[in-house]
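Here the structure comes first, spelled out in structure tokens, and everything after it is commentary.
The values are calculated or read from the model by the stated rules, or taken from the named source; none is laboratory data. In this text, all values refer to a predicted model and were calculated from it rather than measured experimentally. Positions of Cβ are generated from backbone atoms using ideal geometry, with glycine treated the same way; all protein chains shown enter the neighbour counts. SASA here: full protein model, heavy atoms, side chains in, ligands and nucleic acids out. Shrake-Rupley method; radii C 1.70, N 1.55, O 1.52, S 1.80 Å.
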Amino acid sequence: ILMALLGVGKESVLQLCLAAWTYGALAQAGACGPRSFLVLLLPLAVLVRSLPGALVATALLTAVLVLGQENKKWQQLRQKVGRLRFSIALALLLRLPIKDASCLYSVGLLLLYAGNRRPPFGPGAVRQVSAYLCSLLESLRYMACFPVLFLLALPSMVQSELQKFAWSKLSANVSGFAKQAQVDVEPLLKRVSGGIYWKRIWVDFEAQDAVDDDPMGADSAPAVPCVASSPAQLCAQQLARQAGVDFRSVDSLKIARLSVLLKKYMKPKGGLEALEFNDLREAAADEGSFLRLAEERLEVAQPEDAGASAGEKRSTTDRLVEFLTSGLRTHREGATNAPWDCQVDVLLQWQGAQPLNEERLQRAVDLVIQQQPMLRACVPPDDSTDLLLGSRNSGFSTTVAASWSLLNELNFLEQWPKVRRAVAGAIYLCWPRTFIRSANAFKIPKLAKTTSKESNNLADEAFGVMNESGWAWWRSDSSLNMCLIQLEKSSEVTSCVFCSVTHKYADGGAVAAFVTALSEAYAMLERGEMPSSEEHPVLAVQEQRLWRYLQGLPGREGQVDVYLFDIVNDMYNHKWGHSVGVDFTLKVCDLVRAAGRRMACSEEIAWISCMSCAMLRLMPDEEMLKLMIVHNGRLGDAEGAVACVSNYVMLRIPCLARGNTPVADICSRVKYMVTHGQFSRPRSTEQAHARLNIGGMIGTDGNFVQLFKTGRGRDPGWSRAPYVIQLRMDNEGGIWCVKDFKCHEFLDPTTFWRAAVGAAQEIAEGNFTMPVAPAA
């Protein structure tokens, strides 16, 4: 088909379209279920007029619908036959000289696509019929664009269904680029111990002298509070205290809160740019510097400056679609690959001076839902189809976009910008849709329990109450779920609030932004003020990031764009690695915290720096260390968004003269690159030594305090290891918990963590000149 297509023949184009539509119809039938057999009524209706064509179209449609059903019997047959081979064979069969067969078959597929892609409709027969007619028109556009996506995904399809053939045709069996080296790091780790206990790694250290827990001298000589001398300084100082910034430690989450508050209650002076996150990170180490910066760049915003936004301009077509779908807006973004039922949750305890007011809490939640559109998202209608179309647990759309990004990096079609834009537009129109409700009625359920037993962990007790309820209050069709738990002991009532947002459209930073918005709205209502219900512009931000990625524009330095790595595993033959749990003591976490204070950086950056030193000690032959880390993505208009705006960025750390490079140099490079935006979107096929997802904790936000339940990491395992180190860890009440950790087979995981803690100990104790690589 591809060779014939190069000749731009009409027959080749028809065969390509029929093969692509058949491949897509297998997934559409699986997502639609038994209802898909209704499309067989079309060829039967014209049976008398064109008997041979109707019979052939009916037989082939039946084969597609049966083979596409999602039950074990047909799944095994589909896997044995192969979706790609079946689609190509059927397309060639349809081009036999049988009158009306191809036409009836194509119209039947159109009805199948339209039935599966029909959006939710409002009440009434008129709206139902109108919604189906709109779906027919939209499906025509979708089917016209789909062959382009089919071509882009073809390499991954061949690699998935014909693995032996595909790998044999590769020019080289490329493996991971990390170099294994024989090194002896034990002389540097004499004071750091570690081992395996109950299939989990434990790490501890022995200090010869007391580690200076506050090397900046904050405890021994408390800083004199700075007195604000102008309205701008006074407002900025109050907002900093509200965000929890203490001007001693550098907490990224608190600085992010401060950035949102400054943009909400203050504005840049005439002709000056707004204060960004990086500016605040540097100024947050000293209160005097922060107040001077506020005086130079900001002024207090007047009420009219933060007034309600003007009404949104909508075309007649938008109003018609919104009417037919009961007020749903269509949105597209590069969402996470997490399923809808995967949740990001947090448990909060109310510690206000007054008891928690249920009515006020309900009003605050309603306001936050109006402010944050992703909290009104519906269950994604195209997710199941996209996964069925994809291969190896990768979505079809993300595989296509990653392949298209690779072609753009190779300057494919560079001389035909209109063609490139047309292909990007086709991918965008076929991208999985998200429907946003105009309103979302939400009622917070309430659970209560009276007990006389003493519990060591309040969070475990609250989760026990929710488990006893059977989670009957849970709404599976809502992106936000909450529950108020009231625990009574000895006539004292403790109020806890459980909040959960779907991981499909949210991450840890989104939940933190939700808690901040909820706390602020509740406090304003408590003071008798009315919070603004202006909608956050996150929808436009997400669509802009996705469109920029699809256009093939390069990743801008210091910016977070969409990044999809679906095709990386299709190009490299990665080896295996260990997955194992890790436990830290409070002493180890305090040690890294002290190292962070030595570096004047956050705990997250301190952990990344120590891990970088550990990897370089265990792999001294590397000339450049590549770290792929998760950036929260809350830059510009994305600040304060309850949405998944985070993504991976690449840090490229040069490691020349490794034997003589002190640990301080590596740490300073890591800190500078993160804090000054010296990172960019990874290239489509760029490998990395490590993939790190390190998150902080909410802690205290207003009168809400975060609680943590007792938990354990995953059981040990053995699986493919695309990276030397891959982990996800979070700060839970001061103790860092490693949720997922995988180490490449040529590294010992216990030695890696001992080396990381050893680097932290050297930094905390002031041994900055210690070389990264061990002496020969």
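Output the pairs from Lys199/Lys626; Lys73/Lys739; Lys190/Lys254; Lys199/Lys709; Lys254/Lys443 with a Cα-Cα distance over 32 Å in this structure; if there are none, say none. Don't jump to the answer; show the numbers that get you there.
On the way: Lys199/Lys626 30 Å; Lys73/Lys739 37 Å; Lys190/Lys254 37 Å; Lys199/Lys709 21 Å; Lys254/Lys443 30 Å.
Beyond 32 Å between Cα atoms: Lys73/Lys739; Lys190/Lys254.
Quick one: which of 536-546, 507-517 comes out on top by average Cβ neighbours within 10 Å, and what's the full order, highest first?
507-517, 536-546
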Discussion item. If packing is taken as the average number of other Cβ atoms within 10 Å across a peptide's residues, how do 332-339, 465-472 rank, most packed first?
Written reply: 332-339, 465-472
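Plugging the Kirkwood radius over Cα pairs into Stokes-Einstein for the chain, at a temperature of 20 °C and a viscosity of 1.002 mPa s, what D comes out in µm²/s? Mind dumping the intermediate values first?
Numbers: Rh = 29.1 Å.
The Stokes-Einstein estimate is 74 µm²/s.
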Discussion item. With n ≥ 4 as the cut-off for DSSP H runs, can you work out [θ] at 222 nm for the chain, using -39500 (n - 2.57) per run divided by the number of residues, rounded to the nearest 500?
Written reply: -14000 deg cm²/dmol
Practice prompt. Give a residue-ordered list of calculated ³J(HN,Hα) values for the stretch 662-667 (Karplus: 6.51 cos²θ - 1.76 cosθ + 1.60, θ = phi - 60°; whole Hz; x for Gly, Pro).
Written response: x, 4, 4, 5, 5, 5
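What part of the accessible area of the chain, given as a whole %, is carbon or sulfur when the probe is 1.4 angstrom? Could the numbers behind the result be given before it?
Details: 19820 of 35790 Å².
About 55 percent, which is the carbon plus sulfur part of the accessible surface.
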Worksheet item: Say the dipole of the stretch 499-594 comes from +1 at the beta carbon of Lys and Arg and -1 at that of Asp and Glu; which of Gln542, Val582, Val501 then lies farthest toward its positive end?
Response: Val582
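Suppose every Lys and Arg Cβ carries +1 and every Asp and Glu Cβ carries -1, with no other charges. What dipole size does the stretch 373-521 come out with about its Cα centre, to the nearest 20 debye?
Values: 14 positive and 14 negative charges, 113 e Å.
Dipole magnitude for the stretch 373-521 comes out near 540 debye.
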Worksheet entry | For Val203, residues with placed amide H under 5 Å, excluding near neighbours | Asp583, Thr585
Discussion item. Just to confirm the number: angle between the C-alpha axis of helix 603-618 and the first principal axis of the chain, 0 to 90 degrees, nearest 10?
Written reply: 80 degrees
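Excluding ligands, DNA and RNA, what is the solvent-accessible area per residue of the chain at a probe of 1.4 Å, expressed in Å²?
Working: 35790 Å² over 776 residues.
Result: 46 Å² per residue.
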Fill in: In nm, spacing of pseudo-spin labels at Glu543 and Phe37 (7 Å Cα→C-beta vector)
4.1 nm
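Take every Cα-Cα pair in the stretch 663-776 and report what % of them are more than 21 Å apart.
Values: 3576 of 6441 pairs.
I get 56 percent for the Cα pairs in the stretch 663-776 exceeding 21 Å.
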Fill in: Selected from Tyr428, Ala353, Ala301, residue furthest toward positive end of dipole (the chain; charges at beta carbon)
Tyr428
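Whenever you get a sec, line up Trp202, Trp547, Trp718 from highest to lowest accessible area (probe 1.4 Å, protein heavy atoms).
Working: Trp202 100, Trp547 65, Trp718 135 Å².
Largest to smallest exposure gives the sequence Trp718, Trp202, Trp547.
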Practice prompt. Please turn the phi angles of the stretch 130-145 into ³J(HN,Hα) values with the Karplus equation 6.51 cos²θ - 1.76 cosθ + 1.60 (θ = phi - 60°), one per residue in order, whole Hz, x for glycine and proline.
Written response: 5, 5, 5, 5, 4, 5, 4, 5, 5, 5, 4, 5, 5, 5, 5, 8
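Arrange the residues Leu387, Leu367, Leu550 by how much accessible surface each exposes, largest first, with a 1.4 angstrom probe.
Values: Leu387 105, Leu367 20, Leu550 0 Å².
Descending order: Leu387, Leu367, Leu550.
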Discussion item. What are the ³J(HN,Hα) couplings of the stretch 449-456, residue after residue, when phi is run through the Karplus curve with 6.51, -1.76, 1.60 and θ = phi - 60°? Round to Hz, x for glycine and proline.
Written reply: 8, 10, 9, 10, 7, 8, 10, 6
Item to complete: Please report how far the C-alpha centroid of the stretch 355-430 lies from that of the stretch 534-558, rounded to the nearest whole angstrom.
Response: 11 Å
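Show me the three semi-axes of the equivalent ellipsoid for the stretch 526-640, from the C-alpha gyration tensor (sqrt of 5 times each eigenvalue), largest first, rounded to whole Å.
Details: eigenvalues 227, 146, 41 Å².
Square roots of five times the eigenvalues give 34, 27, 14 Å.
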Worksheet entry | Rounded to 10°, Cα long-axis angle of helix 749-764 versus longest principal axis of the chain | 40 degrees
Worksheet item: Among the lysines, which fall within straight-line cross-link reach of Lys164, defined as a Cα-Cα distance under 17 Å, with same-chain neighbours fewer than 8 residues apart omitted?
Response: Lys80
Item to complete: Normalise the Debye intensity by I(0) for the stretch 564-700, one equal point scatterer per Cα, no solvent, then take log10 at q = 0.10 Å⁻¹ and round to two decimals.
Response: -0.39
Worksheet item: What's the angle, to the nearest 10 degrees (0 to 90), between helix 417-429's Cα axis and the longest principal axis of the chain?
Response: 90 degrees
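What's the ranking of 439-445, 53-59 by average number of surrounding C-beta atoms within 10 Å, highest first?
Numbers: 439-445: 13.7, 53-59: 20.3.
Going from most to least packed, we get 53-59, 439-445.
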Fill in: Ile694 accessible area, assembled protein chains, probe 1.4 Å, Å²
30 Å²
